[in-house]
Amino acid sequence: MAEQHAHRAMTPARRGLLRRLLLSGLRIALAVYLLACLGLYLAQDGLLYHPTAALPDPQSRLQLDSGGVRLNVSAREASGAAAIVYFGGNAEDVAQTLPDYAAAFPDRAIYMLHYRGYGGSAGAPREADLHADALALYRHVRARHPQVSVIGRSLGSGIAVRLAASAAVDKLVLITPYDSIERVAQARYPLFPVSLLLRDKYESWRYAPRITAPTRIVIAGRDQLVPPEHAETLAQAFAPGVAHILRYPAADHHTVLDEPGFYARLLD
């Protein structure tokens, strides 16, 4: 009897009111979601790139022209045949990284790119531009050194992979890499259409199959910034026998650099 009474009490006017309230709630929820998507789209550069303002030491600074854009390179130049080209993480000041590599590889020339907007380099970082800059640096180094090894860390791993897919490098080292920035971001923001919002996707998985240079992939088992499964997926994208994994199960994204013998194992 109570159910029949409640049903009779739901008049057409009341049903119409509830329908309007429901539609209004859905419109508000959709508007909030679209605003959140817009906010993520507008904020993506700040989330992906963290330029360092410090200028490199003039004694180790090389200036490079890339399509009319003046870039800074921290370098330890040497006259030998072998050289290292290094691409750092999204908040890394490679001028501070240079001494570690100079100590670890005393017989190699070393060149570390300050991305556009980083370390006094002109411009603003964009994936296509950073790839062009990487090629410009590679050509500069290759003209002086016949043996060029490329090392990329975190964000720089995507730049290194794309370079190694389009240029002849002797060895490739990827430290805490990803299969793509898009996939990392989608896992972090699962409720948003990241593929539609993201401008710079850094699809390393797409370029990896073209690489023939011996490749070492360094995976930190406790990496929370770039979870290890992304590096595992990237390793599977290489042709059989090209990529070999070096694991540090207890290390995270940053502490992996402090592992005993870390630098000595990169190019051995």
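Specify the residue with the greatest mean-square fluctuation among ALA124, ALA31, ALA91, computed from a Gaussian network of the chain linking alpha-carbon atoms under 10 Å apart. Looking only at ALA124, ALA31, ALA91, the biggest GNM fluctuation is shown by ALA31.
From its DSSP helices (H runs of at least four residues, each -39,500 (n - 2.57)), the chain gives a residue-normalised ellipticity at 222 nm of -13000 deg cm²/dmol. Using a cutoff of 8 angstrom between alpha carbon atoms and counting only pairs six or more residues apart, the relative contact order for the chain works out to 14 percent. Taking the number of Cβ atoms within 10 Å of each Cβ as an exposure proxy, the fewest-first ranking of HIS254, HIS145, HIS131 is HIS254, HIS131, HIS145. Among beta bridges identified by DSSP and lying wholly in the range 49-265, the antiparallel ones come to about 30 percent. Summing charges over all other residues whose Cβ lies under 13 Å from the Cβ of ALA168, with Lys and Arg as +1 and Asp and Glu as -1, gives +3. Think of the range 1-122 as having a plus end and a minus end, set by charges on the Cβ of Lys, Arg, Asp and Glu; of ALA102, LEU30, LEU64, LEU30 sits farthest toward the positive end of this dipole. Residues SER79, SER166, SER157, ranked from the fewest to the most other C-beta atoms within 10 Å, line up as SER79, SER166, SER157. Based on the alpha-carbon gyration tensor of the range 47-94 and its eigenvalue square roots a ≥ b ≥ c, which shape applies: rounded if a/c is under 1.5, prolate if not and a/b is larger than b/c, or oblate? Since a/c reaches 1.5 and a/b is larger than b/c, the shape of the range 47-94 is classed as prolate. Remark: the range 1-101 carries a charge dipole of roughly 1280 debye about the Cα centre, counting +1 on each Lys and Arg Cβ and -1 on each Asp and Glu Cβ. Simple point charges give the picture: +1 on the Cβ of Lys and Arg, -1 on the Cβ of Asp and Glu, and for the range 173-232 a dipole about the Cα centre of about 120 debye. Counting only Cβ charges, +1 for Lys and Arg and -1 for Asp and Glu, the dipole size of the range 49-265 around its Cα centre is about 460 debye. Matching the structure-derived volume of the Cα convex hull per residue in Å³ against the labelled list (1) 175; (2) 131; (3) 152 gives the label (1). The residue among ALA187, PRO125, GLY16 whose Cα reaches farthest toward the positive pole of the charge dipole of the chain, with charges on the beta-carbon of Lys, Arg, Asp and Glu, is GLY16.
Coordinate-derived values only; no laboratory data. Not measured: the values here are computed from a predicted model. A quick note on method: Cβ atoms are made from the backbone with ideal geometry, for glycine too, and the neighbour counts reach across all protein chains shown.
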